[in-house]
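The values are calculated or read from the model by the stated rules, or taken from the named source; none is laboratory data. As the structure is a computational prediction, the values presented were derived from the model and not from experiment. A quick note on method: Cβ atoms are made from the backbone with ideal geometry, for glycine too, and the neighbour counts reach across all protein chains shown.
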Protein chains: 2
Amino acid sequence: MSRRDQAPAALFEAALGGDRASTARLLSFIERGGQAAREVGRIAHAHSGEAYTVGLTGAPGSGKSTLTSALITHLRSLDLEVAVLAIDPSSPFTGGAILGDRVRMQEHATDAGVFIRSMATRGHLGGLSLATPEAVRLLDAIGRRWILVETVGVGQVEVEIAGKADTTVVVVNPGWGDSVQANKAGLMEIADVFVINKADRNGVDATRRDLEQMLDLSDLPSDAWRPPILPAVATTGVGVVEVWDAVVRHREHVTENGVLAERRAFRTREELREIVAQRLREKAREVCTGERWDELSGSVVAHTVDPWTAADEMLAPVDA
Amino acid sequence: MSRRDQAPAALFEAALGGDRASTARLLSFIERGGQAAREVGRIAHAHSGEAYTVGLTGAPGSGKSTLTSALITHLRSLDLEVAVLAIDPSSPFTGGAILGDRVRMQEHATDAGVFIRSMATRGHLGGLSLATPEAVRLLDAIGRRWILVETVGVGQVEVEIAGKADTTVVVVNPGWGDSVQANKAGLMEIADVFVINKADRNGVDATRRDLEQMLDLSDLPSDAWRPPILPAVATTGVGVVEVWDAVVRHREHVTENGVLAERRAFRTREELREIVAQRLREKAREVCTGERWDELSGSVVAHTVDPWTAADEMLAPVDA
């Protein structure tokens, strides 16, 4: 029996044993959504809850992938295993690669302690905002303790996904203001750590002042975590250790003050709400097609039935 | 019994007889949504189908209200009755006024052949996109044959609302490019008639060329209606007759080629779809509150139930 035909439960056993191809197959189920994805989710849920997630986001060209790759190298030097999800909403066809298609990450391709995957949705009706936590849960369940989630900080959805990590790293560049103007507020809101990458260029001090000023304006309570602003040159590895240390300090901070548990509970409830909403959207689509829809909507067009009565009739099974 | 306590059916009889306060009261029911709005809608639906709607939209300051007022004057000179809905999403508290709060329209305040109403949603869960067609239907049902729907062409929703009229007039100004850059495509798509208002200013020719060019690019079929581009100075009344004549020509065009009937059927189906979706959104909110929600979402947070099983349980009555 090839992997393609195997049921989620068998694939999960193999993935637990370290079979990377089975993990990749399970992630493909998640990307496609539907019944198989739900089955994967159920199995993974029971085994999950130990992993720590780190979100990385920033404008295209800010060097997120390079920084991610440098962080992987650092984690491996500490003998930590790591999984990376590179969320790629712009290319629905990149999903399915076992190794990230991002050139910068290729150096880790042969390292068994690193699992990299480009994620896209190829049918999951809940989109990346539902598929991503499912993928994280799977990687958690098969024993990865550190999961990096990299997203392009352009669209609202991607920023939200990065912000749903336990610790979120926002990557900017000297003179960042122009490139991410529209998203500044969103990025400020989710950042636990700022990295000024490409810090060998001009404008680091001005960018730092800009960020400090925005942090001052956000009026954090005195006992709150204030995001550190760290210069780095990811291509040479300068500053990468400090970035990781800040992630670890943030983890300790939110673990001790209970914010981590609160955030996770909040995220879980939000995900559940989204699953319920998604199921009802599917129901609405289901209701608004077919013969019965044609007939009832035709009657409304012909003015023989009013739209509320037609809606009542169509939703009768739902309202029961 | 005061009007406040009267049932929709009694108010509708009075409104049919010409009582403006009853009409206003029925529109308030629609603004507030819920059961009473649905009752008004049912009554109105049975009596509607004769009115013709004209949408007017444009950037703030383009002179939409002044043009609307000038069109009312022209319609009254032709002895036509007219109703105006001024959609006002930015001020949730302006609704309820029998006469528009817009200074330019005050001159029609004492004319029994004119009915003006500022519309906002004060509770209607479907928002203005569902409340507006309901309000139009009511004005139609009480016998208004021309209904002008004025919206600020800024947000997507308002542009959509104006675009759902039988004929849509887009008001621009000389040098409009800068003020509505973000919305240009949306406005191009809905326009049946362009008015370059404030045409006594510089830049009319450039604006006309700009619009013609965009129309050329939109690659209309040879038998399609090509939106005329008409200069006007609404404050003095210059060009207003030509604008109205263009509306009437467009009406004849879409009536003869069947596009009007198609558009109306499409709009009706879209409204029905939106009602169904709205009802399911209400259902989702209903499901995700209360004791049962607290208990089940708590179990998911505690990892004793997975989110799909919890969603199944919460939606069990709906899926039945």
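Points worth noting:
- Failed criterion for B:Glu313 (all others in (1) at the interface with another protein chain (Cβ under 10 Å from one of its Cβ atoms); (2) assigned to a helix (DSSP H, G or I); (3) surrounded by fewer than 20 Cβ atoms within 10 Å (Cβ to Cβ) hold): (1)
For (1) of a type in the set (Gly, Ala, Ser); (2) more than 13 Å from chain A (Cβ to nearest Cβ); (3) under 21 Å from B:Leu148 (Cβ atoms), each residue gets a yes or a no:
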position: B:Val243; (1), (2), (3): no, yes, yes
position: B:His253; (1), (2), (3): no, yes, yes
position: B:Arg263; (1), (2), (3): no, no, yes
position: B:Thr268; (1), (2), (3): no, no, yes
position: B:Glu271; (1), (2), (3): no, no, yes
position: B:Arg281; (1), (2), (3): no, no, no
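- Restricting attention to region B:241-295, the residues that are of a type in the set (S, T, N, Q), surrounded by 15 or more Cβ atoms within 10 Å (Cβ to Cβ) and touching a residue at least 12 places away in the same chain (Cβ under 8 Å) total 1.
- Picking from residues in region A:215-260 that are more than 25 Å from the chain's Cα centre (by Cα) and assigned to a helix (DSSP H, G or I), the one that is farthest from A:Asn197 (Cα to Cα) is A:Leu217.
- Residues of region A:285-302 classified as acidic (Asp, Glu) and at the interface with another protein chain (Cβ under 8 Å from one of its Cβ atoms), total: 0
- Checking each residue in region B:34-61 for being among the small types (Gly, Ala, Ser) and farther than 26 Å from B:Leu80 by Cα picks out B:Gly34, B:Ala36, B:Ala37, B:Ala59, B:Gly61.
- Residues in region A:71-84 include none that are within 14 Å of chain B (Cβ to nearest Cβ), free of Cβ contacts under 8 Å to residues at least 24 places away in the same chain and not in a loop (DSSP other than H, G, I, E, B).
- Of the residues examined, A:Thr207 is not one that is among the β-branched types (Val, Ile, Thr), modelled with pLDDT of 90 or more and closer than 30 Å to A:Gly34 by Cα.
- As for region B:99-107, it holds at least one residue that is out of contact with any strand residue (DSSP E or B) (no Cβ under 8 Å at 6 or more places or on another chain), modelled with pLDDT under 80, of a type in the set (A, V, I, L, M, F, W, C) and not in a loop (DSSP other than H, G, I, E, B).
- Any hit, region B:271-285, residues being farther than 30 Å from A:Ala302 by Cα and not hydroxyl-bearing (Ser, Thr, Tyr): yes
- Summed over region B:27-66, residues that are more than 17 Å from the chain's Cα centre (by Cα) and either more than 23 Å from A:Thr309 (Cβ to Cβ) or hydrophobic (A, V, I, L, M, F, W, C) (or both) total 8.
- Only one of B:Val305, B:Val300 that is surrounded by 18 or more Cβ atoms within 10 Å (Cβ to Cβ) and assigned to a helix (DSSP H, G or I): B:Val300
- Any chance A:Ala36 is modelled with pLDDT under 95, more than 14 Å from every other protein chain (Cβ to nearest Cβ), surrounded by fewer than 24 Cβ atoms within 10 Å (Cβ to Cβ) and touching a helix residue (DSSP H, G or I) at 6+ places or on another chain (Cβ under 8 Å): no
- Residues (over 10 Å from the mean Cα position of the chain (by Cα), assigned to a loop (DSSP other than H, G, I, E, B) and modelled with pLDDT of 70 or more) located in region A:146-186: A:Asp166, A:Asn173, A:Pro174, A:Gly175
- Unique residue being under 30 Å from A:Glu160 (Cα atoms) and within 7 Å of another protein chain (Cβ to nearest Cβ) when the list is A:Ala277, A:Ala224: A:Ala277
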